[in-house]
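The values are calculated or read from the model by the stated rules, or taken from the named source; none is laboratory data. Every value quoted in this text rests on a predicted model; they were computed, and no experiment measured them. Glycine gets a Cβ as well: all are built from the backbone with ideal geometry, and neighbour counts include every protein chain shown. Heads up: the accessible areas ignore ligands, DNA and RNA and are worked out on the full protein's heavy atoms, side chains in. Shrake-Rupley method; radii C 1.70, N 1.55, O 1.52, S 1.80 Å.
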Amino acid sequence: SSVGFVAANGYASRSGYSGSFSGNLFNIYWTGTAAQLWIDTTNVGTIYLVSDYRVKKNVQTQTLTALDRIAKIRPITYQITENEHFKIFKTDDTVREGFIAHELAEIIPSAVDGEKDDPNKVQNLKLDALCSVLVKAIQELKAEFDEYKATHP
């Protein structure tokens, strides 16, 4: 008997446990800090799994004012549309809420993965970064409110 590795170009995916297989292949690639999900030749996102203190260094409390940054973010509604570059996305009529990644990157760079107009990767949000700034903004609002209550009994 021999021991070794089998390399694959991708795995066919299917809907649920017993659904039929689709024509798209998927791969998951481990970068050393996160898992990238590829569909055919498009990196559709990165799965960030790490929040454990044991794999973090230079931990600092955020000091930038969060309220000013949050005020600059443009929340949008949108629908998914087909794109000649990324044929894996299918148009649908579901109205969703969200952000435009490259716009958010101008305000909170660490909240966006990928570069605008990369031909092989769609941009994605890193929600832990966005949520941490949102939490800091709420803390700032609370501090302002507490100060107001103390001076206006």
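Does the stretch 12-20 contain at least one residue that is open to solvent by less than 60 Å² (accessible area, probe 1.4 Å) and in contact (Cβ under 8 Å) with a residue 60 or more places away in the chain? No - not one qualifying residue is present in the stretch 12-20.
May I ask you to verify whether residue 41 is in contact (Cβ under 8 Å) with a residue 40 or more places away in the chain, polar (S, T, N, Q) and farther than 24 Å from residue 130 by Cβ? For residue 41, the condition - in contact (Cβ under 8 Å) with a residue 40 or more places away in the chain, polar (S, T, N, Q) and farther than 24 Å from residue 130 by Cβ - is met. Residue count for the stretch 44-68 under the criterion of being open to solvent by less than 70 Å² (accessible area, probe 1.4 Å), at pLDDT below 85 and among the β-branched types (Val, Ile, Thr): the result is 2. Given the criteria hydrophobic (A, V, I, L, M, F, W, C), open to solvent by less than 100 Å² (accessible area, probe 1.4 Å) and more than 12 Å from the chain's Cα centre (by Cα), does residue 129 qualify? Answer is no for this residue. Across the stretch 83-125, the qualifying residues are those that are at pLDDT below 90 and of a type in the set (Lys, Arg), and the one among them that is least open to solvent (accessible area, probe 1.4 Å) is 121.
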